[in-house]
1. I'd like to check which strands (runs of 3 or more DSSP E) are fully inside the stretch 125-212 and have at least 3 residues that are surrounded by 13 or more Cβ atoms within 10 Å (Cβ to Cβ) and within 19 Å of the chain's Cα centre (by Cα).
2. So which residues in the stretch 7-20 are surrounded by 13 or more Cβ atoms within 10 Å (Cβ to Cβ) and closer than 25 Å to residue 80 by Cβ, if there are any at all?
3. When the stretch 30-54 is examined, which residues are found to be outside any strand (DSSP E or B) and exposed (fewer than 14 other Cβ atoms within 10 Å of the Cβ)?
4. Can you find even one residue in the stretch 87-107 that is in contact (Cβ under 8 Å) with a residue 60 or more places away in the chain, in a loop (DSSP other than H, G, I, E, B) and out of contact with any helix residue (DSSP H, G or I) (no Cβ under 9 Å at 6 or more places or on another chain)?
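The numbers here are math on the coordinates, done by the rules we state, and not lab data. Here the structure is a predicted model, which is why all the values come from computation and not from measurement. Backbone-built Cβ (ideal geometry, glycine too); neighbour counts: all protein chains shown.
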């Protein structure tokens, strides 16, 4: 995942290989990435992690998700556990965005936490496995977005307004979405929803309009987003079986 894990400007990339340690690929602040260096994980059995700024300090917090639960590694080295059980998907709503805090998908339950890690809302996700989650923000709103399978080749997208979480938007996608993400590709403060379906990237610019989409690249196995050159726009780091690509939409 991408985030600022040192004091050098620009987002770095943190990688995890199951059964092994973490690997940090540091940015030089000018759009280039260095060689991977090993980092000791704070907990065992990590499944996934994400990063964001919650305490106003230079180094991002990291939300670790594992088979045993979830927890946050603060920039000062402190660690706070959130919930036990199967926690495999989550996102951080950063300071400076509406309703900062954490969204966590724990099994079929979506839980929203305040910036002080206290739980504020819980709801059950519709559909069935596999479940995915991403946080999506605009200049005046923040959404907790989930995807779940409702048929062999249909995915249900559900989005909850974090400020008023009983308001929910739904969208059906005629594809099996295997990975969900969000990125501000042009620096206007409005994130696009990014989906990985059948090895292709699909970018949904407006959640309530399926017409404003962009499909690009095939053979993709995963992706992360981050502002690696510090220009205010997110870039996409795209992984295939044999290569890594850095996509700049500026």
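1. So the answer is 128-138, 141-151, 154-161, 177-183, 192-197, 200-206.
2. Within the stretch 7-20, 11, 12, 13, 14, 15, 16 meet the criteria.
3. Of everything in the stretch 30-54, those that are outside any strand (DSSP E or B) and exposed (fewer than 14 other Cβ atoms within 10 Å of the Cβ) turn out to be 30, 32, 34, 35, 40, 44, 45.
4. Checked against the condition, which is being in contact (Cβ under 8 Å) with a residue 60 or more places away in the chain, in a loop (DSSP other than H, G, I, E, B) and out of contact with any helix residue (DSSP H, G or I) (no Cβ under 9 Å at 6 or more places or on another chain), the stretch 87-107 yields at least one hit.
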